[in-house]
Amino acid sequence: MIISRRDFLVSGSAATALATGSLVASDDAKAQAAQPAVEWHREADVVVIGSGATGLPAAIVAREAGSSVIVIEAQKHTGGHAICSGGNIPLGGGTSFQKKWGVSDSPDLVFQDLTDWSVVEPNGFPDYRYNDREIIRAFADNSAATYEFLVAHGVVFVDRAPDTYGGHSVGNSVPREMHCAPMDWPLIQSGQPADLARRATMSSGNGLMHPLEAAARKAGVEILLSHKMTSIHRQGPSSGAVTGIAAENEGKQVNIHARQAVIICTGGSTANVNFRRMFDPRLTEEYCGVAGMPWSEQDASGEIAGMAVGASLWGLFNNTGEFGSGITKPGTIGGQYGYVNLRWFPGSEVFHLARATGIPVKDWQDVITVNMLGKRFYDETGGPYTSNNYKFVDPYIAGSYLNAKNVKFKPNNYLNAALAGIGDGHNGGGPIWAIFDSDAVAREDWDPKPPNVDIDRGFFFSAETIGELATKIVMKYQRVPMPPENLEASVARYNSFVDSGEDEDFGKPKPLFKIARPPFYAAWATPVLHDTRAGLRINSKCQVLDMKGDVIPGLYCGGESAGGFSQHGLARATCQGLISGANAAIEPRRA
Ligand SMILES: Cc1cc2nc3c(=O)[nH]c(=O)nc-3n(C[C@H](O)[C@H](O)[C@H](O)COP(=O)(O)OP(=O)(O)OC[C@H]3O[C@@H](n4cnc5c(N)ncnc54)[C@H](O)[C@@H]3O)c2cc1C
C-alpha cells in the first residue's frame, strides 16, 4: 500500500475543501471567469514535468491507477540527473531487501533518524534538524513500498548487504543503502554497456532509469521529449485549480491540459545562477560545472513556474547547510564538468557538449590550487563537506545531547576559502586553478591532451615557464588577469615549504613535491555544484502549498524541486514520485 492512512490526514480548510469539492466548484468558477481561455493542443489526466527519478515513478503509478499520463521532458532523452547518478539509493523502513540481509528497520526508525536534532557534522552543521516532520513522516511510511515498486518495475539491485556507500543523510540507526545494477543497459556516460564482469555488481543510475523508462512506456505513459515546460496554467493567477502547462517544442508553444493534476519533477535549481544566489550570493556564474550537466539541467523552471501561480518555497536552510555535496570539490580537473563521480567519454551522446573527460586527481599533494590572482588559499588536501551516514555518529543514541557534544569540532573550510573571492568587492571566488608540473603528470599518469582536457574553451593551459602560464590564463570567467609575479611567488614559496617540510601558510600536511620541471600546467579546478535541498512547499501528499499554507488544487511536486527534506538524491525523489503519482490519480477530473 503506497499511501498510508496518515498521508490523508492533511489538516486545514484547503484539505476540507478538496475533500468536499467546494473549492473546485466555487473558487474555480470565479477564477475561470477572470482568465482568457487557453487553446489546448494536447490533454491527459495527469501531466508530469520531467522524466527523472521523481517523474517516471510518478507517471507509472498514476498510469497504473487508471489515469492517462503525459510526461514532458526538456531534453532529447529521459533520465535527468538520476541516470547520471551513482544509483546508490537508501530506502528503508523494513524493505524485503533489508529483511533478507537481517537488518531490522521500521518506518518509525526512519522518521526518528531523519528528524534527529542532535546529529551534527564536524563543522557544526545539523543534517536533519530543519526537516519538515510531515514530509519525513510520509517518506518513512512509503520508503519500503518504494523499494518494492522499483523491483516490480524492473530495477535490479546488487546482491549484497545494504551499506552506506555513496549515501548522504541516510540516518544513523541501520544500513539502508542499496545499489542499482546497470546489467545490459548502455551507460549514458560512454554509450557502451558496463564491463560484463561488473554489470551485476557495480552501482549506476543507468540501472535505475533505463528499466523505469521501459516500464513507463509499457504501462502506456506517453513521453514527449524536447518539450520544455515554460509555465503552469491555473484558473486564476493565484486562485482555483491548476489546469495544465505550457511547453516549448521546436520554437512552438504547446498547451497541455491536465484534467486531474500537474506534477512538477524538474529536479532543482543548481544551474540557475540568480535562483541559487537567493540561497548563497557567492554562487556566481563561474560555478558552471554542475554535476549531471550537460545531460540535463537543474534550471529552477519548476520552482519559478510554481511560484508564478502562487506557490511558496520551503525548508530553505537545508540548501545552505554545509553538509553533503551541494557544493563540492572537483574530482577531475581540466574540463568544465569535474564532479568526482561522473565522467563523460567520447562515446556518450552528450560528449560534444561536455567536451572533455577530465583528469582525475588521485593525490592533491601533486598540485597547488590558486585563485584568479594566482594565490594559494588553503591546504589542497582539504576535503569537501561531510555527509551523515549510518554509524557516522558512534556511539549513536537517538536524540541524545551526547551526539552533538561528542562530535569533535573539525571544520573543513577548503570550499569556503575557494568561494571567498579576491577582496575586490565582487561576489564569487572566481576560477580556481590547479597548478602542476611535468613530474606531477608522470606521478599521476595523466595524459594532459584532448579529449582528456578542454583547451579550446580555456579550461586547460600549459607553458614552459610559470610566468608565461599565468599570462596564458584567459577565459570567460577569469575576469581579471592573473599577475605572473603572483603565480611565480606562490610557486616559489610553496617549493620552499617542500624544502622545509612545513606549509607555513595553510598547514598542508608535509608538502611533498616541488613544482619545478616544465612544462607547467593550469587546470580548471573550480568547485562543483551538485544538488538542491530546498524548493516548493509540499505536504505529505506532495501537494504544493501557497504562501497561506493552502493547497494549490491539482499541483504536485517532488524530488529536488520540493523543499523540507534534507537528504541527497534518489530515495526522496523516487518515494515522492510514488506519493505524488498516487495522489494525483485520485484527484477529481476537471473539465
Ligand atoms: C553525477 C550524479 C551522481 C549522483 N549520485 C547519486 C547517488 O548515488 N545516490 C543518490 O541518492 N543520488 C545521487 N544523485 C542525485 C540524484 O540523481 C538526484 O537527486 C535525483 O535524480 C533528483 O531527482 P529529480 O526527479 O528531482 O530530478 P532529475 O532526476 O534531475 O530529473 C529532472 C528532469 O526534469 C527535466 N526538466 C527540468 N526542467 C524541465 C522543464 N522546464 N520542462 C521539462 N522537463 C524539465 C530534466 O531535464 C530532467 O530530466 C546524483 C546526481 C548526480 C548528478
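Computed from the coordinates by the stated procedures, all read-outs in this text should not be read as laboratory data. Everything quoted here is computed from the prediction, not taken from an experiment. With ideal geometry, Cβ positions are generated from the backbone for all residues, glycine too; neighbour counts draw on all protein chains shown.
General remarks:
- Sorted from longest to shortest, the spans of the Cα atoms of the stretch 94-146 along the three principal axes equal 36, 24, 14 Å.
- Residue exposure sequence - L555, L512 - by fewest surrounding Cβ within 10 Å: L512, L555
- Ellipsoid equivalent to the stretch 137-254 - semi-axes via the Cα gyration tensor, in Å: 34, 22, 13
- Size descriptor for the chain, Kirkwood hydrodynamic radius: 24.8 Å (Cα pairs only, one decimal).
- Filtered GluC sites (Glu not before Pro), the stretch 492-591: DSSP coil and at most 11 other beta carbons within 10 Å: E504
- Sorting the Cα pairs of the stretch 432-494 by distance into bins of 5 Å, from 0 upward, gives 4, 16, 25, 28, 18, 9, 1 percent per bin.
- Using the rule -39500 (n - 2.57) for each DSSP H run of four or more residues, divided by the residues of the chain, the 222 nm mean residue ellipticity is -7500 deg cm²/dmol.
- Distance between the stretch 292-340 and the stretch 541-591 - C-alpha centres, whole angstrom: 19 Å
- Relative contact order, percent, the stretch 170-220 [alpha-carbon distance under 8 Å, six or more residues apart]: 35 percent
- For the chain, the relative contact order is 22 percent, taking Cα pairs closer than 8 Å that sit 6 or more residues apart in sequence and dividing their mean separation by the residue count.
- Here the alpha carbons of the stretch 418-543 define both size measures, Rg and Dmax, at 18.6, 62 Å.
- Label zone at A219 (point 7 Å along Cα-to-Cβ), backbone N below 19 Å, the stretch 257-283: 258-267
- When the pairs K375/K472; K472/K514; K100/K362; K228/K548 are compared against a 25 Å limit on Cα-Cα distance, K100/K362; K228/K548 fall above it.
- Loop sites in the stretch 409-474: GluC sites (Glu not before Pro), DSSP, at most 13 other Cβ within 10 Å: E464
- About its Cα centre, the stretch 445-591 has a charge dipole of approximately 860 debye under the convention of +1 per Lys or Arg Cβ and -1 per Asp or Glu Cβ, with nothing else charged.
- Here the peptides 323-332, 355-364 are ranked by packing, the mean other Cβ count within 10 Å, and the order with the highest first is 323-332, 355-364.
- Residue-span extension gain [Y165 to I397] - 0.36 nm each, minus C-alpha spacing: 81.3 nm
- For K408 and E39, the FRET efficiency from 1/(1 + (r/R0)^6), where r spans their Cβ atoms and R0 equals 60 Å, is about 0.45.
- In a simple Cβ point-charge model (Lys, Arg +1; Asp, Glu -1; nothing else charged), the stretch 75-198 has a dipole of about 240 debye relative to its Cα centre.
- Cα-based convex hull, the stretch 311-384, per residue volume (Å³, whole number): 165 Å³
- Within-14-Å neighbourhood charge of Q336 [Cβ basis; K, R +1; D, E -1]: -1
- Under 16 Å of direct C-alpha separation, and excluding same-chain neighbours fewer than eight residues apart, K405 reaches these aspartates and glutamates: D116, E121, D127, D394.
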